[in-house]
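The values are calculated or read from the model by the stated rules, or taken from the named source; none is laboratory data. For clarity, every value in this text was computed on a predicted model and none was experimentally measured. Every residue, glycine among them, receives a Cβ derived from its backbone with ideal geometry; neighbour counts consider all protein chains shown. In case anyone asks, the SASA skips ligands and DNA or RNA and just uses the protein heavy atoms, side chains included. Shrake-Rupley method; radii C 1.70, N 1.55, O 1.52, S 1.80 Å.
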Amino acid sequence: MLLRIRSKDGMHRIQIEPKDTFSQLAKKIAETLHISDANSIAVGDKPGAEAATPIVQMADKTIGTANLKHGDIVYVSYAEDADSSVDTANSAATSIIPTHIKQDPVDDFLEKQRGLISRKKDPKFCRHGDNAMCDYCMPLEPYDAGYLEENKIKHMSFHAYLRQIGQAKQPSAPTSTILKQLPPLDEPDFKVKVPCTGGHAPWPEGICTKCQPSAITLQRQTYRMVDHIEFASSSIIDGFLNAWRETGCQRFGYLYGHYESYPEVPLGIKAVVEAIYEPPQEDHVDGIKLVAPWEEEEEVDQVAAACGLKRVGMVFTDLVDDNTGNGTVVVKRHMDSYFLSSLECAFAAEMQRRHPNPCRHSVTGKYGSKFLTCVISGDLDGNIDVKAYQVSETTTALQEAGIIEPSRKPSVMRVRESVPHERYVPEVFYKFKNEYGIVVKHPAKPTFPIEYLLVNVTHGFPHNPSPLFTAQQGYVIENRSGTSQDVGTLSRYLNSGATELKRLVSDFHVLCFIRKLHMLNDDEFNILCQVATKPDVSATSLEQTAGWKTLIMVLMEAGECGEKESDIREY
């Protein structure tokens, strides 16, 4: 039978049999209400602790002897642990902020900055001296809507958003203490909650209003995790485009780089791309087929980490030559068609889910993602251009919950139908202004525009490039048709004599291939990466290692074998 348990925590339901004892009932109540000491529980048929009987006094009695029937209410009281009550009081006063989370260094740096936007003295309205300040010249908060609109910043930075929600929830706190008392961020979750305290069978056998997700209203995200993406050198994009120029097929690659502060946006972050790695893939004129994760993914990430880099995003081409002979391409992506297709949005959401952003302002230790999606396509003039995007946190949660799926029409996303005992899809709405300028709410089923899912990110190149990898004659790029990386190509590359060894090994593709040979131990490979990336480290330290000497011997033998084979072919 089912008993309704009423306590200070609310109403709960517990399944129990008449032959069960009150001791068993106490265990179930303790598990449901998270009570550490089940012996402190007291039960009664009326509210109030004075009418309750300690459950230890009737632990051996059965439920049936108390004349309890199906659906009866049992009033429960219990003693709280002293430590937990103190913790609860402290958590009510201050936020629960995990301190053991290792964030990106740029996040730790920006948290220590004031972030205020300084303004000069207004010659029209300021009537004070140089050492004074008024409403017309006082610094603005980094989330000031007027400043963002004036400077055409479509999304505020993530750290500005943190300051905004901290200021909204703690208006009396001074700016210097906001970061210490920020409430934890909650990631959106649209999945059915399991287990549920409603007393029914767990999903998918049962569902109630407590465990089912609420209706969702889509709206454009006001902030972005990364504000700008910068390619360290134009040769990075140019080398990636060579694959399309040679074959006419599309190409996909992962972006490796690091994060820095971006002063053009208050408390902004930019991703600096130093290399593009192209995983195994099937290239086609109208698309790409690839496997994620691929076999060597862990090794490539280790090479990047040894160089002080990490995976910051992905890039793919969508180019079709317009056959004019002017080097222009077909214009496919614009405001009247789409910027990212629904399939690409779903893929971006999945990749962002796989690359969460560590954040100490979230109870789970992660919030959002800094993973970027770049597409190389034609602009309105037919020139090849790079566009960068992210999808919102809502999109990632919708994708993870299985609520949305790509549509055949690239400009709209499809909302799935609910399947009994398999998939629950809540009501989804989106708002827009109609032809009369009135904001209306419209059901998102069966489809809705993908504009509600996108977050725009700016991109650019530095005025004075200073890339991490300085090799001018690049090594063979991995996984491209018609070329291959092997010991012979590495031998010819290192023995080309075009430049010094330090410059030759300063190539991300060379480092990845040497790592795959497994001839250098971890210490020796770290020395190789330091020689490749740090100007003040000489190649002499690498040449003296045993692993490098072994590699050179293997390369010499491979070079001699290659010369003999070429002589035989000529003969």
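Numbers at a glance
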read-out: Contour minus Cα-Cα distance for A168 and S118 (0.36 nm per residue); value: 15.9 nm
read-out: Förster radius 45 Å - calculated FRET efficiency between Q24 and D522, Cβ distance, rounded to 0.05; value: 0.20
read-out: Accessible surface ranking that places the most exposed of K121, K445 first, with a 1.4 angstrom probe; value: K121, K445
read-out: FRET efficiency, K154 to T489 (Cβ-Cβ, R0 51 Å, nearest 0.05); value: 0.65
read-out: Positive dipole terminus of the chain, leading residue within Q544, Q281, N39 (C-beta point charges); value: N39
read-out: Helix 522-533 axis, angle to the chain major axis (alpha carbon atoms, nearest 10°); value: 60
read-out: Average projection area in nm² (convex hull over Cα atoms of the range 244-361, one quarter of hull surface); value: 10.5
read-out: The chain - mean residue ellipticity at 222 nm from DSSP helices (-39,500 (n - 2.57) per run, n ≥ 4, rounded to 500); value: -8500 deg cm²/dmol
read-out: For the range 318-382 versus the range 405-425, the gap between their alpha-carbon centres in whole angstrom; value: 21
read-out: Surface accessible to a 1.4 Å probe, I117 within the full protein complex, Å²; value: 20
read-out: Between 0 and 90°, nearest 10: helix 158-169 axis offset from the chain longest Cα axis; value: 20
read-out: Overall Cα dimensions of the chain, principal axis frame, Å, largest first; value: 104, 72, 51
read-out: Total charge dipole magnitude, the range 326-392, about the Cα centre, Cβ charges on Lys, Arg, Asp, Glu only, Debye to nearest 20; value: 500
read-out: Label-point separation, V476 to E543 (7 Å along Cα→Cβ), nm; value: 2.6
read-out: Portion, in percent, of the accessible area of the chain that falls on carbon or sulfur, probe 1.4 Å; value: 51
read-out: Enclosed volume per residue, in Å³, of the convex hull spanned by Cα atoms of the range 370-462; value: 156
read-out: Highest-first arrangement of 525-536, 342-353, 483-494, where packing means the average Cβ count within 10 Å; value: 342-353, 525-536, 483-494
read-out: Rg [Å, one decimal], Dmax [Å, integer] - the range 299-386, C-alpha atoms; value: 17.3, 56
read-out: Label-point separation, D385 to V439 (7 Å along Cα→Cβ), nm; value: 3.0
read-out: Between the range 16-31 and the range 219-240, the Cα center-to-center distance that results, in Å; value: 58
read-out: Degrees separating the helix 546-570 axis from the principal Cα axis of the chain, which is the longest one; value: 50
read-out: Test item: Cα-centred dipole of the range 243-312, Lys/Arg +1 and Asp/Glu -1 on Cβ, debye; value: 320
read-out: Residues of the chain: accessible area per residue with a 1.4 Å probe, Å²; value: 54
